[in-house]
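Asker: After the structure tokens below, expect a handful of questions from me.
The values are calculated or read from the model by the stated rules, or taken from the named source; none is laboratory data. Bear in mind that the values here come from a model prediction, so they are computed numbers and not experimental data. As a convention, Cβ positions derive from the backbone with ideal geometry for all residues, glycine included, and neighbour counts pool all protein chains shown. For accessibility, only protein heavy atoms count, side chains too; no ligands or nucleic acids. Shrake-Rupley method; radii C 1.70, N 1.55, O 1.52, S 1.80 Å.
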Amino acid sequence: MFVIVVQIRAADPEAQARQHGVYARIAGRYPGMRYKHVMRSESDGDRYVDLMAWETQQQSEAFGVDPEYQRLRPPRSATRTVPRFLRDDNPGYYGLVAETARPGAAIARQQVVFVDARPGREGELAAAGRRLAAGAGGLAGLTSLRVLRNLGWPARHVVAVAASEAVEVAEAGPTRTAWERLAACCTAPPEWESGHLVVRWDADDPGGT
Amino acid sequence: MFVAAAEERMIPGHRIELEAAHREALGRLESEPGFRGSRLLHFAGGPYRYIWELNWGSREEWEEFFESERFAELRAPIDAELSEPFSLTLYNVPVAGGWRASPPGGGG
């Protein structure tokens, strides 16, 4: 699976939701689109984290040149201005390390954390991520937990959690130990970011939010 | 061998145009004395970052090309697809080799 993770700054939540909803509608016409979940941060209302998953990168690229999608982009200009939030790792291209998911389950809350593995401990972090995903299957209220690895920077990982009720993977019985092992591999203590869903599109429920 | 590597950042949405411009530039380079080959590398972790490696027989052959108008003419269509000026880094090559067209042991 190929996942694009975008961190966005925008001041208008309704406009963001409309834009992401349009993206989801267009992308839903292409084979291989699996889900698009956009979280608005609780601590910073101008910050959004967008996860968009495809079966393959090639399918994502086919959507990327869709004429209707391209018309949503800022027009070409002589100044070539690029939003400041776009960097080498944003948007980021990720592969799936592990996941547990309950299709169709509600999402009332989301959490995401970006972590970097200490040099030489990338494999250990990924192994801890797989144990984390396996343990998360036993958490009541969990809709999905996904561990992603950047396809260009193997140290960079994202853990994304969606749940129908409050779930703290760092504290819960089935996941605490795996989380501690994952955190021990990181260059800095992981800091979770929480938020709520503003756009949801799933292949098995394209009616969406 | 001598390598000139240009680090490039694409304007969002211009992947097809940028890669086409590099293909066209490669066609021009093939007639350059001293040119030994090139690769366009696309960062696997995100859409905008590219590195264009140009391989030359010697530093002198690279500099003759770099200081000519042909270099600017080569770069212009590529630079039109970039969000910022490219940055150039130069390398000597102390060790090279090992390229394979197929896995060891045959097949493919």
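Asker: Within the range A:23-76, take every residue that is β-branched (Val, Ile, Thr) and either in contact with a helix residue (DSSP H, G or I) (Cβ under 9 Å, 6 or more places away or on another chain) or in a loop (DSSP other than H, G, I, E, B) (or both) and give me the one that is most open to solvent (accessible area, probe 1.4 Å).
Answerer: A:65
Asker: Run down A:158, A:113 and say which single residue is closer than 21 Å to residue A:43 by Cα, in contact with an Asp or Glu (Cβ under 9 Å, 6 or more places away or on another chain), open to solvent by less than 30 Å² (accessible area, probe 1.4 Å) and not in a loop (DSSP other than H, G, I, E, B). Steps first, answer last, please.
Answerer: On the way: A:158 fails: in contact with an Asp or Glu (Cβ under 9 Å, 6 or more places away or on another chain).
Answer to the check: A:113.
Asker: Right, another one. From (1) at pLDDT below 95; (2) away from chain B (no Cβ under 14 Å), pick out the condition that doesn't hold for residue A:159.
Answerer: It is condition (1) that residue A:159 fails.
Asker: Might you check whether a residue that is part of a strand (DSSP E or B), closer than 30 Å to residue A:156 by Cα, modelled with pLDDT under 95 and over 11 Å from the mean Cα position of the chain (by Cα) occurs anywhere in the range B:17-25?
Answerer: Here is the first cut: in the range B:17-25, the ones part of a strand (DSSP E or B) are none.
The answer is no, given that none of the residues of the range B:17-25 is part of a strand (DSSP E or B), closer than 30 Å to residue A:156 by Cα, modelled with pLDDT under 95 and over 11 Å from the mean Cα position of the chain (by Cα).
Asker: Among (1) aromatic (Phe, Trp, Tyr); (2) open to solvent by less than 20 Å² (accessible area, probe 1.4 Å); (3) touching a Lys or Arg at 6+ places or on another chain (Cβ under 7 Å); (4) under 30 Å from residue A:64 (Cβ atoms), where does residue B:52 come up short?
Answerer: (3)
Asker: State the number of residues belonging to the range B:1-16 that are in a loop (DSSP other than H, G, I, E, B) and among the aliphatic types (A, V, I, L, M).
Answerer: So the count comes out to 2.
Asker: For residues that are β-branched (Val, Ile, Thr) and outside any loop (DSSP other than H, G, I, E, B), scanning just the range B:70-108, find the one that is surrounded by the fewest Cβ atoms within 10 Å (Cβ to Cβ).
Answerer: Applying the first criterion (β-branched (Val, Ile, Thr)) to the range B:70-108 yields B:78, B:89, B:93, B:95.
The next check asks that each one be outside any loop (DSSP other than H, G, I, E, B); those that pass are B:78, B:89.
Details: B:78: 23, B:89: 10.
Among those residues, the one meeting the criterion is B:89.
Asker: With farther than 29 Å from residue A:24 by Cβ and polar (S, T, N, Q) as the only criterion, which of A:187, A:143 stands out?
Answerer: A:187
Asker: Given A:178, A:134, which one is in contact with a Gly (Cβ under 6 Å, 6 or more places away or on another chain), assigned to a helix (DSSP H, G or I) and of a type in the set (A, V, I, L, M)?
Answerer: None of the others qualify; the one that does is A:178.
Asker: While we're here: Among the residues of the range B:5-22 satisfying the criterion of being over 19 Å from residue B:88 (Cα atoms) and more than 9 Å from every other protein chain (Cβ to nearest Cβ), which is surrounded by the most Cβ atoms within 10 Å (Cβ to Cβ)?
Answerer: B:17
Asker: For residue A:153, state whether it is open to solvent by 10 Å² or more (accessible area, probe 1.4 Å), in a strand (DSSP E or B), touching a residue at least 60 places away in the same chain (Cβ under 8 Å) and not β-branched (Val, Ile, Thr).
Answerer: No; evaluated as a whole, the condition is false for this residue.
Asker: How many residues does the range B:23-49 contain that are within 12 Å of chain A (Cβ to nearest Cβ) and surrounded by fewer than 16 Cβ atoms within 10 Å (Cβ to Cβ)?
Answerer: Residues in the range B:23-49 being within 12 Å of chain A (Cβ to nearest Cβ) and surrounded by fewer than 16 Cβ atoms within 10 Å (Cβ to Cβ): 2 in total.
Asker: Name the residues in the range A:149-189 that are within 16 Å of the chain's Cα centre (by Cα) and closer than 12 Å to residue A:111 by Cα, would you?
Answerer: Selection gives A:158, A:159, A:160, A:161, A:162, A:163.
Asker: Any idea which of A:73, A:130, A:146 is modelled with pLDDT of 95 or more and more than 16 Å from the chain's Cα centre (by Cα)?
Answerer: A:130
Asker: To continue, here is another question. So which residues in the range A:161-202 are farther than 20 Å from residue A:116 by Cα and crowded, with 16+ Cβ neighbours inside 10 Å, if there are any at all?
Answerer: Within the range A:161-202, A:162, A:163, A:167, A:172, A:174, A:195, A:197, A:198, A:199, A:200, A:201, A:202 qualify.
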